[in-house]
Amino acid sequence: MFTGIVEELGEVVRLTDSGGDSAVLAVRGPLVTSDARHGDSISVNGVCLTVIDNVDGVFTADVMGETLRRSSLGALQAGGQVNLERAAALGSRLGGHLVQGHVDGVATLVSREPAADWEVVRFSLPAELARYVVEKGSITVDGVSLTVMAVDDETFSVGMIPTTSKLTVLGSKDVGDPVNLEVDVIAKYVEKMIGDRNV
């Protein structure tokens, strides 16, 4: 479980096809690896991955084909930056919202509208996720907890402050770039419970 508050920008060292519909991802992240052990969870652009090895500030993780297909991790290249967050610790502050690190879909950045001290960033909204996204609700974009400013059937917008732009990969994203989305898990549970009652 994560909070959607990015701890550091990591650097992709390599993404290697390991055969059998999987890959091995190596990422440099001095902060998140400072106490990382085999089996720990680290969110990489919003995807929960399990640490296999940690050597000199570089951790490696296996990435299944399912994850490569359902997220933007398969497009990562050496030298690129990624958002990193260690799993939340019980008793710590919940600065963002409850984030599982389970990507629900991939969207694209549609537009950026700069303002005086922040900007409005609009993303496409996959049709199958639209019912879970509401104005003033929470959404995770590339592992970043954000508040939805506006939403319609095809897009949603968020307000991005300078700190978010500077400390996450979202600041360097261009129009057309892919992003990982995770909708609020509470909405999915509510839908299932209501649906079960109507059966």
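The values are calculated or read from the model by the stated rules, or taken from the named source; none is laboratory data. Bear in mind that the values here come from a model prediction, so they are computed numbers and not experimental data. Here Cβ is always computed from backbone atoms with ideal geometry, including for glycine, and neighbour counts include all displayed protein chains. The area values use the complete protein model at the heavy-atom level, side chains included, leaving out ligands, DNA and RNA. Shrake-Rupley method; radii C 1.70, N 1.55, O 1.52, S 1.80 Å.
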Between helix 185-197 and the chain, what is the angle of the helix's C-alpha long axis to the longest principal axis, kept within 0 to 90° and rounded to the nearest 10?
60 degrees
I want to check the label-to-label distance for residue 34 and residue 161. Put each point 7 Å from Cα in the C-beta direction and report it in nm to one decimal.
2.2 nm
List the pair-distance distribution P(r) of region 76-199, using every Cα-Cα distance, as the percent of pairs falling in each 5 Å bin from 0 up to the bin containing the longest distance, rounded to whole percents.
2, 10, 20, 23, 19, 13, 7, 3, 2, 1, 0
Given the whole protein assembly as supplied and a 1.4 Å probe, what does the accessible area of residue 22 come to in Å², nearest 10?
30 Å²
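FRET efficiency for residue 89 and residue 147, Cβ-Cβ distance as r, R0 = 25 Å, nearest 0.05?
0.55
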Just the Cα atoms of region 36-129: what Rg and Dmax do they give in Å?
15.7, 45
Residue order for 112, 70, 93 - accessible surface, 1.4 angstrom probe, largest first:
93, 70, 112
Looking at the chain as a GNM with Cα springs under 10 Å, which of 107, 36, 115 has the largest mean-square fluctuation?
115
On the formula 1/(1 + (r/R0)^6), with r taken between the Cβ atoms of residue 112 and residue 188 and R0 of 30 Å, the FRET efficiency rounded to 0.05 is 0.55
Which distance in nm do the two modelled labels at residue 134 and residue 78 give, with both placed 7 Å along the Cα-to-Cβ direction?
4.7 nm
Under the Debye formula (equal points on every Cα, no solvent term), log10 I(q)/I(0) of region 121-185 at q = 0.12 Å⁻¹:
-0.26
For the chain, averaging the sequence separation of alpha carbon pairs under 8 Å that lie six or more residues apart and dividing by its residue count, the contact order in percent is 24 percent
Gaussian network model of the chain, Cα springs within a sub-10 Å range: biggest mean-square fluctuation belongs to which of 86, 69, 122?
69
If I model a spin label as a point 7 Å beyond the Cα along the Cα-Cβ vector, how far apart are those points for residue 100 and residue 172 in nm?
3.0 nm
Would you list which lysines come within 28 Å of residue 192, measuring only between C-alpha atoms, while excluding same-chain residues fewer than 8 positions from it?
136
Largest fluctuation, 84, 109, 167 only, Gaussian network model of the chain with Cα springs under 10 angstrom, belongs to 167
If each DSSP helix of 4+ residues adds -39,500 (n - 2.57) and the sum is divided by the residues in the chain, what number results at 222 nm, nearest 500 deg cm²/dmol?
-3500 deg cm²/dmol
Per residue, how big is the convex hull around the C-alpha atoms of region 17-74? Give it to me in cubic angstrom, could you?
75 Å³
